[in-house]
1. Using a/c under 1.5 as the rounded threshold, could you call region 77-209 rounded, prolate or oblate? The axes a ≥ b ≥ c are square roots of the C-alpha gyration tensor eigenvalues, and prolate needs a/b larger than b/c, oblate otherwise.
2. Answer rounded, prolate or oblate for region 236-323, using the Cα gyration tensor with square roots of eigenvalues a ≥ b ≥ c: rounded when a/c is under 1.5, else prolate when a/b is larger than b/c, else oblate.
3. Go through region 33-65 and name the trypsin sites (Lys or Arg not before Pro) that are in a DSSP coil and have 13 or fewer other Cβ atoms within 10 Å of their Cβ.
4. With the contact rule set at Cα under 8 Å and sequence spacing of 6 or more, what percent relative contact order holds for the chain?
5. Within region 66-143, report the chymotrypsin sites (Phe, Trp or Tyr not before Pro) that DSSP leaves as loop and that have at most 16 other Cβ atoms within 10 Å.
6. With respect to the cross-link table entries Lys101/Lys220; Lys234/Lys310; Lys101/Lys321, which display a Cα-Cα separation exceeding 27 Å?
7. Using +1 at the Cβ of each Lys and Arg and -1 at the Cβ of each Asp and Glu in region 234-438, identify which of Pro336, Pro356, Leu432 lies farthest towards the dipole's positive end.
8. Which ³J(HN,Hα) values in Hz, rounded to whole numbers, follow from the phi angles of region 207-213 under the Karplus curve 6.51 cos²θ - 1.76 cosθ + 1.60, where θ = phi - 60° and Gly and Pro get x?
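Throughout, read-outs are computed from the coordinates displayed, never taken from laboratory work. These numbers were taken from a predicted model, which means no experiment stands behind them. When we count neighbours, we look across all protein chains shown, and the Cβ atoms used for this are built from the backbone with ideal geometry, even at glycine.
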Amino acid sequence: METSYDVRIYKILTYRGSRKTSYTVRWMVAGKPFREPFGTSALADSFRSELVSAARRGEAFSLTTGRPISHQSGAGAVSWYDFAIQFTDAQWRRTSGNNRKNVAKALMTTTIALLRAPLPSRFAAIDVRTALREFAFNTRRRKEAPQEVTAILWWVERNTMTMAAWEDPQQVEEVLHALDSRLDGTAAAASSSKRHRRILNVAMENAVKNRVLRSNPLPKGRGTTPKTSSAVDKRSLINPTHAAGLLGWIWRRPRGGRRLHAFFATIYYTGPRPEEVVAMRVLDARLPGEHDDDQWGELLFHTAQPEVGKQWTDTGEVHEKRGLKGRATDDTRVVPCRPALTKILREHIATEKLKPGDLLFPGENGGLLSGSVFRRAWRTARKEVLAPEEFASPLGKRVYDLRHTCLTTWLNNGVPPAQVAEWAGNSVPVLLATYARSISGQLKDHQRRIESSGDLPDLTADG
């Protein structure tokens, strides 16, 4: 830790504002100014007295925090890089593949912001980011790092600040700015910034728990994190005409078109998440017989297999098997299957000659359907079917927008939110927060119900 005995302590600065008065202690360590505001003069006097006493005792002051060494926690003895590695390993055992990936991204950005020296010319910036994200903060792959990656990590380890950096408010702001920015310096998406800050907050709480830091240095309260909205963008919803055109083009696609058509139709008509449909087995589709009068069936969802990348799973597989989102392990969800989808699935099962235990929508080699395959097919369909201005718009831009369209359609058609939430696998508050702005077509009915309560007498009619 860098320290100095060159300390100058000034008089307390009093500022009398319109609402309150603040008292700021000012001092300088080796020419570097520091300030600490207080709400009362007694607190400011006490803090200033501590600084004066430490200086008179001949105690060294930290150039990072400005505080006497006796005020410091054990943070100066712990490297941020070492702490981040330990935090990664502790989180790895109890988190999903996607969460592991997000933790690695957040720690990568933070580590680069906490380097004491600029990167040497022999290392490309992209190689350093890759080394940190894919190896340093990946518990399973760290020991597999090739020699060139090991050289990068060796340099980073020796050029990373200590945890005392978190006791410097200015350094904390620099880290948060890095988390809120893209590589080109522009602002990152609010959702990305919020996720990274949430991960870093867990890391700081871990540091406090393990007595590396005395308190969580991250700012708290309103306005400290970017605002995000969970509401669906109404422009992304797909009307029946566009849906028919997109799914029709996919149905005519020479390679796997029929299979992908049934896959997308399942999301469009019943609203599951793509990773839930990927995991479905034939026996999960409870379809009526071909000659039954009632052609309504049921789809049973009980497993999700998101695609997270083989380097982030415990099994080394690309997909990670999990229970349904937000539900207890082994919980299930039953969703009605309308006649139009019943017909599509029945023909799909027959054409593919699928057995009850087979995957309902297998990939080309019989394994799980790859996300890159169905996303590429959907992107191509949009480009071929939509007008240029529609293709450039949010209209059906993601496969997930099929789910949004289905749930919005149910709500617009008067299905009670509690029932839609049950079919969708959401809570009612989350459902309403996500889709309330997209509900339309019920204004006239609402107006009639409001008017049915009666109006006050028309006073002008008596005159």
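1. Working: a/c = 1.23, a/b = 1.09, b/c = 1.12.
The shape class here is rounded.
2. On the way: a/c = 2.10, a/b = 1.36, b/c = 1.54.
Oblate, since a/c reaches 1.5 and b/c is not below a/b.
3. For trypsin sites (Lys or Arg not before Pro) across region 33-65 that sit outside H, G, I, E and B with at most 13 neighbouring Cβ atoms in 10 Å, the list reads Arg57.
4. Details: 617 pairs, mean separation 55.9, N = 463.
Relative contact order for the chain comes out at 12 percent.
5. Values: sites: Trp80, Tyr81, Phe83, Phe87, Trp92, Phe123, Phe135, Phe137; in loops: Phe123, Phe137.
Filter output for region 66-143: Phe123.
6. Values: Lys101/Lys220 25 Å; Lys234/Lys310 35 Å; Lys101/Lys321 16 Å.
Those over the limit are Lys234/Lys310.
7. Leu432
8. 5, 5, 4, 8, 6, 7, 10
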